[in-house]
Structure formats: structure tokens, C-alpha cells
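Notes for the one structure printed next.
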């Protein structure tokens, strides 16, 4: 159901791209957005007691700008940086409500997405008075397509997997003179993916302030990965802020698209191919992001490859909490780390992993629920009807 491997390439070296100083600048950009509010960091005290750890802290991104997911942080910051560069001004001079007045005509931003990133780009483009064209891989939910269209963007579903859809978006943007806003990088294309990952660090700044207010220090950081854009930005911030040697980080991803896990074993980027079928659509990516791979390699403690049943368990646990704990509505890509923690801490067949990770009475574990029920029908099938149950 899950595989865990220790990172033999850990050296604790941080990255100049992902620092506390950079994170503060991204947060300042987001703070000027009218609807900005920090999302809650929820302490699941009863679940922590049940699992034998000191604290479980869940950053609930379902509240982010009313979009039910975190990805708008990266998309909006990247659009802001692109417009600032286009206008030859600093990002601090970009006001989302007035920037369109500085352009003779709207710019077109294109992207490929499994859902949440495209939603964020579409929302940011609309808020800035620009246009967006969003490409989605085959099998994408109609709910995601409709959500993106309702934000004023054109949405095109391809007949190929995510990685090939990225290539289509890139080619079409090049042919039409559009600006590509992609959250993974390749040779010759790394500036915008870097901005996107930096945008995600607003979550980390908020979480650090919130955990300090609780009088706690995280001993464990559990992050989910697709290409690793979010995980790299968050880990980069905490590694710079408190030192990578002062906590353990577990990077988890779907077993059917475990490029980071395989890269962690080899110590260099490894791509996985095929259909990449997983209910964790936002994490079903086969090629690591070269911008964030170095920080994952240098500062992650463990890598995990996890079957769909694990995240389904996480969705059910978060959505049906113990008495006294707060309910968290978490989607398939959001609940992976809680599901992983629950399995590691509660099942006897994972006791060796539990000891290796130090999941004991002193453990303070921080998780990021990166999305809510972005696919409501699938959410109910899993949480109500027991789809992808661990029961045999």
C-alpha cells in the first residue's frame, strides 16, 4: 500500500531561490489582493492523542481566495511577475485591479493543468483583466473544466496524459505568441516555474507564524508532490528559516506517478511514463521539476510512494473527525499526507517505518491539505460510498 525510502543524498544545503526573504516578498504581493486572508492551521488534538504523537497540524487550503485550493498562490504571483517584467516595473508596483490600465490590450496566458493550477491561472488572469487558455489532460473531471470556464478562461481537454498536455500548451503558446505559465520546468524554461514555486511560499510563512503562536516547533513536515513545485517551495522556506537538520521531511506521491520517489533512490531526476492513473489527479505527474528537484534532493529526509487507498483514507479521517477535532474537507490530492500519517502511525505492519521516522509522543507533524472537494462527485464516492477502501 505504501513504500518508504530514506534519502541518502540529504546534505541540508538550502537554495537562494527559496528563502524566508523571498517568501516575505511573495506574501506581500498576495496581501495586496482584496480577498487575502491567511488560511487556518488546524490542530487535530484528539487524532494526535489517538495516534500517539504530540500534535498534528493541518494547513487547510480549501479557504484560499474562495477557490478551494492553494494553486492560485503560484499562478497569481507568476502572472504578477510576468506583467511586472512586461511593464519594466517591480512586482511591488503591480496592483491586480489597475494593472490592465497600463496595457494597450489584454495579454493571453496559457497553461496545462490537472485542475487546480489552471483554476488559479484563470482566476488571476480574470482579476488582472487578462485572458487565459487552459489545457487539461484526458480524463479530467467536468467539474474542473466547468470551474475554469466559469472564471472566463477557454478550457481545452486533450487526448493525452499530463506531461504531453504540457507540451501541447507550450507549443500552442509559442505559435500564438502567448505567455506560458507552467509549474514545471525544462531546459530553457525555468524562470516562470521558479516564480510559481516561490508564490506557494506564502503558505509556509503563514504556517510558521501560526505554529509559533501555538508555542510549537514542527519536528516533521509531510508534503505531497506531483512535479515537486509546491513541495520544493515549502521545504525551501522551512530549510532556510529553521534549518533542514531541525526537522524531518517526508515527500509523498502517487505510486502510479512516483517520479520523485524514484529520483530520490537514484539521486538524480527520473521520469516515469504511461497513463499515470491515480485519483490524485493533481499529483499524477511523471517528470520532476528541475527547479525544485535540488532542494528536494538536498533537504528531504524520506520519499514515499503511496497507493490511492491511502489518500482515500486520509479524506475520510479528515472529513469525519474525532469528537473535539475540526472537520477538514480535503480532496484526493490534499489528503495524501494525512492518510500516509494515519497508516504509518496506526498499523502494526508499518511499525518499523514509524520507528525510523520518529513518529512518537514528541512528534509535531505539519501537513498541508492543498485542496478541498474540487471534484464533489468523486469526493462523495470516496467519503460516502467507500470507494478505494483499505478493507480487503
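The values are calculated or read from the model by the stated rules, or taken from the named source; none is laboratory data. Here the structure is a predicted model, which is why all the values come from computation and not from measurement. Counting neighbours? That spans all protein chains shown, and the Cβs are built from the backbone with ideal geometry, glycine included.
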* **Filtered residues of the range 311-330 (kept if crowded, with 21+ Cβ neighbours inside 10 Å, out of contact with any strand residue (DSSP E or B) (no Cβ under 9 Å at 6 or more places or on another chain) and under 17 Å from residue 68 (Cα atoms))** => 315
* **Candidates 188, 226, filtered to the one that is within 15 Å of the chain's Cα centre (by Cα) and at pLDDT below 95** => 226
* To do: Would you mention how many residues in the range 190-224 are surrounded by fewer than 19 Cβ atoms within 10 Å (Cβ to Cβ) and either free of Cβ contacts under 8 Å to residues at least 40 places away in the same chain or over 22 Å from residue 357 (Cα atoms) (or both)?
  => 7
* Structure fact -> Among (1) at pLDDT 95 or above; (2) at positive phi; (3) not assigned by TED's automatic domain parsing to the domain that holds residue 135, residue 66 falls short only on (1)
* Limited to the range 345-392, what total is found for residues that are in contact (Cβ under 8 Å) with a residue 60 or more places away in the chain and within 18 Å of residue 307 (Cβ to Cβ)? -> 11
* **Only listed residue being touching a residue at least 40 places away in the same chain (Cβ under 8 Å), part of a helix (DSSP H, G or I) and over 26 Å from residue 115 (Cα atoms), chosen from 92, 62** => 92
* Asked: What do you reckon, is residue 391 at pLDDT 95 or above and on the phi < 0 side of the Ramachandran plot?
  -> no
* For the range 45-57, indicate whether the set of residues that are in contact (Cβ under 8 Å) with a residue 12 or more places away in the chain, outside any helix (DSSP H, G or I), in contact with a helix residue (DSSP H, G or I) (Cβ under 6 Å, 6 or more places away or on another chain) and under 30 Å from residue 214 (Cβ atoms) is non-empty. => yes
* Considering each of 175, 212 in turn, give the residue that is closer than 29 Å to residue 86 by Cβ and in a helix (DSSP H, G or I). => 175
* How many of the residues in the range 356-383 are at pLDDT below 95 and loosely packed, with under 15 Cβ neighbours inside 10 Å? -> 2
